[in-house]
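The values are calculated or read from the model by the stated rules, or taken from the named source; none is laboratory data. All figures in this text were calculated on a predicted structure; none of them were measured in a lab. Neighbour counts run over all protein chains shown; Cβ positions are idealised from the backbone, glycine included.
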Amino acid sequence: MLSIKNLHAKIDDKEILRGVDLKVKPGEIHAIMGPNGSGKSTLASVLAGHEMFEVSEGEVLFNGKDILEMAPEDRAREGLFLSFQYPVEIPGVSMVNFLRTSLNEIRKYKGQEPISASDFLKLMREKKKLVDIDSKLTHRSVNEGFSGGEKKKNEIFQMVMLDPKLAILDETDSGLDIDALRIVANGVNNWKRPDNATILITHYQRLLEYIVPDYVHVLYRGRIVKTGGKELAQELEAKGYDWIKKEFEEQV
Amino acid sequence: MTTEQDKILAEVTKGEYKYGFYTDIEIDALPKGLNEDVIREISRRKGEPEFMLEFRLKAYRHWLTMEAPKWPHLKLPEIDFQDIIYYAAPKSKPKLNSLDEVDPELKATFDKLGIPLEEQKQLAGVAVDAVMDSVSVKTTFKETLAEKGIIFCSISEAIREHPDLIKQYLGSVVPPNDNYFAALNSAVFSDGSFVFIPKGVRCPVELSTYFRINARDTGQFERTLIVAEDDSYVSYLEGCTAPMRDENQLHAAIVEIIALERAEVKYSTVQNWYPGDKNGKGGIYNFVTKRGLCKGDYSKISWTQVETGSAITWKYPSCVLMGDHSSGEFYSVALTNNYQQADTGTKMIHLGKNTKSLVVSKGISAGRSQNSYRGLVKVSKKAENARNFSQCDSLLLGDKCGAHTFPYLEINNNTAKIEHEATTSKIGEDQIFYCNQRGIDTETAVGLIVNGYVKEVINQLPMEFAVEAQKLLEISLEGSVG
């Protein structure tokens, strides 16, 4: 589904990604962990197409298509979803209007008719159950006045509504209390199917107690330096990142 | 609502000023230029009583002593007032009794604008008065309104048929010597609408006037007068368009509203005069005096305006809060693009006790345009417990445009509570990227964000005009991104 080869990216001439390699297959959940500043969020932004970053080298294929040349909206329409670390507020634009515009833009790209108002509302009712989101939230403006936890829940709600092929969750667990964390995790687990995939970007192992990854990768200094199963996350939790750093420096 | 949204979005991709066509219709016009003879001739052609001619001549003589205002934040070219036609009428039968008698070309024009003159507009609950160039073409729905004692007709007809009401109220809120353009209008005004709502009557439909400048070199000077007697209510709308032309055309209107005890008047404008082309060539100069008088206790006047057109806009719909407990509201969206200039805002004059006013102004600047809010809140000595809240927001698209806020306060009573909030923001790249990531392209995202920003104001408009206003905003922003 996703194949990243030797991806390099920089911001203002400062190289942040220095040759990332990663393959994600349908049905898989990957966790990308790593200390602060290792390039985790940059990787998410580059995949989504944020223009702040310049890709200097490498290739990213998404379902066989080279997405690095695509505009961010086309990547989204191809089925790539990013749950933002800091979801943005859009005052005056209702969640209903926003999501319906979004969904219809994606449908248009696929050559489908716009969804009718009644089908849309039905879809919303169904998907709300998956995320246990308060109806009040969906009637408010996009993220406006939402608490940190509400914003993150709202990201997962949008994910299940738009039903992408690949979801990248950037630090979705940060700032969540234990109840909200459980809700978010349930949303992701319920959504998981053999034909979609998830990349979890996280600093802590906590989220991985609820969403069990097939693979855990450690990103350090812009490169994936270690890959393992879910037990790698536990090891990191117990021992911290220092031993990884040490290992890496020994390699260099 | 959202299918409407889709239609709107589809429209956006088309862009351009879509009301820029010209109707080839026979015109009966006076020669260019202004003098007392021209004024006499206008008055004669309209079959006016003597008092009206006197009103005009007095205004004209006063105008000759005045100078064009210099204080607005506008680059105002010299206007040659002798190079303008002051009266132009579509040539047709002198009096229209039914729709069949309306010139088919004319009817087609209004159909094109989406203003059906047929009575089926009744279904939508809107009565329409259509003004082309200098004269009112057709007022729909008149008979139904007449049953309730409501008068809704062209001002020319009102001058002939209801001279007492005109004598009593015309010029009572905006005196002919009020300002330069008001004096000019009072001298040469050609047509417009008159609304009278008698005691205790709630007008059952939206009343609407549609103004269209068609003829070349013509100025449009319309005059609207609304009188709401005790315990009455009316909601009134006006829409404006003009063909695309290289030269500038002048529009100098006056609107007067009088609200008596416990009366409520809502006045909404969707103004889309031709703004000029991308390089600032052509376009309408829109110099308008709009003022409402809350004469009776507990009366209320509310202005809502969506301004997307005109090369230059200069207008300050105002409320004079004379009655105790009276209230005034002003909701405004002013969007400027390319080389447009707007200097607009409101005046809230608190005279009575316990009067309230609310101002919500949303400016949007794009291209190389300049957008100014200018607002006055005045509280007189005797106005105990006056309240005002003003919120002025500016949104900038790009870095070549400007937004300016000029709030004036004159408070002469220390029981007054006045609050003013102002913000200036840019559409954030992070907001656009967020939309992009949800599959929404940048142009659509800007439309979405702008319509969110103005929602508070748009919500004040009746439903179908709200849709039109949203559409206008989208179209007007075409090409302003990236």
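Quick notes
- Verdict on A:Leu219 being in a helix (DSSP H, G or I) and crowded, with 16+ Cβ neighbours inside 10 Å: no
- Looking at region B:277-339, the strands (runs of 3 or more DSSP E) lying wholly inside it that each contain 2 or more residues that are of a type in the set (Lys, Arg) sit at B:283-294.
- Verdict on A:Ile90 being out of contact with any Ser or Thr (no Cβ under 6 Å at 6 or more places or on another chain), more than 22 Å from A:Tyr204 (Cβ to Cβ) and either among the hydrophobic types (A, V, I, L, M, F, W, C) or more than 11 Å from every other protein chain (Cβ to nearest Cβ) (or both): yes
- The residues of region B:338-394 that are small (Gly, Ala, Ser), over 19 Å from B:Trp273 (Cβ atoms) and touching a Leu at 6+ places or on another chain (Cβ under 7 Å), listed by number, are B:Gly352, B:Ser357, B:Ser380, B:Ala383.
- Inside region B:345-359, residues that are part of a strand (DSSP E or B) and either touching a Cys at 6+ places or on another chain (Cβ under 8 Å) or crowded, with 24+ Cβ neighbours inside 10 Å (or both) make up a count of 8.
- Failed item, numbered, when B:Ile458 is tested on (1) within 13 Å of chain A (Cβ to nearest Cβ); (2) out of contact with any Asp or Glu (no Cβ under 9 Å at 6 or more places or on another chain); (3) without any contact (Cβ under 8 Å) to a residue 40 or more places away in the chain: (3)
- Any hit, region B:469-476, residues being more than 8 Å from chain A (Cβ to nearest Cβ), touching a helix residue (DSSP H, G or I) at 6+ places or on another chain (Cβ under 7 Å) and polar (S, T, N, Q): yes
- A:Val46 fulfils the conditions (1) within 15 Å of A:Gln85 (Cβ to Cβ); (2) in a loop (DSSP other than H, G, I, E, B) except for a single criterion, (2).
- Every pair of residues 6+ apart whose Cβ atoms lie under 9 Å, when the first sits in region A:61-85 and is without any contact (Cβ under 8 Å) to a residue 40 or more places away in the chain and of a type in the set (Val, Ile, Thr) while the second is part of a helix (DSSP H, G or I) and surrounded by fewer than 19 Cβ atoms within 10 Å (Cβ to Cβ): A:Ile67/A:Asp74
- Positions within region B:411-443 being more than 14 Å from chain A (Cβ to nearest Cβ) and over 26 Å from the mean Cα position of the chain (by Cα), in sequence order: B:Ile411, B:Asn412, B:Asn413, B:Asn414, B:Thr415, B:Ala416, B:Lys417, B:Ile418, B:Glu419
- Residue match in region B:396-410 (condition: modelled with pLDDT under 85, within 13 Å of chain A (Cβ to nearest Cβ) and outside any helix (DSSP H, G or I)): no
- When the criteria are applied in full, B:Ile449 fails the requirement of being part of a loop (DSSP other than H, G, I, E, B), of a type outside the set (Asp, Glu) and buried (at least 21 other Cβ atoms within 10 Å of the Cβ).
- Residue in region A:56-76 that is away from chain B (no Cβ under 14 Å), of a type in the set (A, V, I, L, M), within 30 Å of A:Glu15 (Cα to Cα) and not in a loop (DSSP other than H, G, I, E, B) present: yes
- Residue in region B:212-219 that is surrounded by fewer than 20 Cβ atoms within 10 Å (Cβ to Cβ), at pLDDT below 80 and under 19 Å from the mean Cα position of the chain (by Cα) present: no
- A:Ser141 being in contact (Cβ under 8 Å) with a residue 24 or more places away in the chain, in contact with a Pro (Cβ under 7 Å, 6 or more places away or on another chain) and not β-branched (Val, Ile, Thr): yes
- Selection status of B:Ser232, modelled with pLDDT of 95 or more and surrounded by fewer than 24 Cβ atoms within 10 Å (Cβ to Cβ): no
- Residue-level check: of (1) in a strand (DSSP E or B); (2) under 26 Å from B:His251 (Cα atoms); (3) of a type outside the set (S, T, N, Q), B:Val377 misses just (2).
- A residue that is more than 8 Å from chain B (Cβ to nearest Cβ), closer than 19 Å to A:Lys5 by Cα, surrounded by fewer than 16 Cβ atoms within 10 Å (Cβ to Cβ) and in contact with a strand residue (DSSP E or B) (Cβ under 6 Å, 6 or more places away or on another chain) occurs somewhere in region A:39-54.
- Close Cβ contacts (under 9 Å, 6 or more residues apart or on different chains) running from residues in region B:291-310 that are acidic (Asp, Glu) to residues that are modelled with pLDDT of 95 or more comprise B:Asp297/B:Glu261; B:Asp297/B:Arg262; B:Asp297/B:Gly323; B:Asp297/B:Asp324; B:Asp297/B:His325; B:Asp297/B:Ser326; B:Asp297/B:Gly352.
- Criterion: under 25 Å from A:Val212 (Cβ atoms) and surrounded by fewer than 18 Cβ atoms within 10 Å (Cβ to Cβ) - qualifying residue of A:Lys108, A:Lys25: A:Lys25
- Pick from region A:116-145, criterion among the small types (Gly, Ala, Ser) and under 27 Å from A:Asp179 (Cα atoms), ranking: farthest from the other protein chains (Cβ to nearest Cβ): A:Ser135
- Conditions (1) in a helix (DSSP H, G or I); (2) surrounded by fewer than 21 Cβ atoms within 10 Å (Cβ to Cβ); (3) under 19 Å from the mean Cα position of the chain (by Cα); number of the one not met by A:Asn154: (2)
- Scan of region B:362-379 for residues that are closer than 23 Å to B:Met348 by Cα and surrounded by 18 or more Cβ atoms within 10 Å (Cβ to Cβ), ordered by number: B:Lys362, B:Gly363, B:Ile364, B:Asn371, B:Ser372, B:Tyr373, B:Arg374, B:Gly375, B:Val377, B:Lys378, B:Val379
- For region B:167-187, a residue qualifies if it is touching a Leu at 6+ places or on another chain (Cβ under 7 Å) and part of a helix (DSSP H, G or I), and exactly one does: B:Tyr169.
- If the condition is being more than 8 Å from every other protein chain (Cβ to nearest Cβ) and without any contact (Cβ under 8 Å) to a residue 12 or more places away in the chain, then region A:93-115 contributes A:Arg107, A:Lys108, A:Gly111, A:Gln112, A:Glu113.
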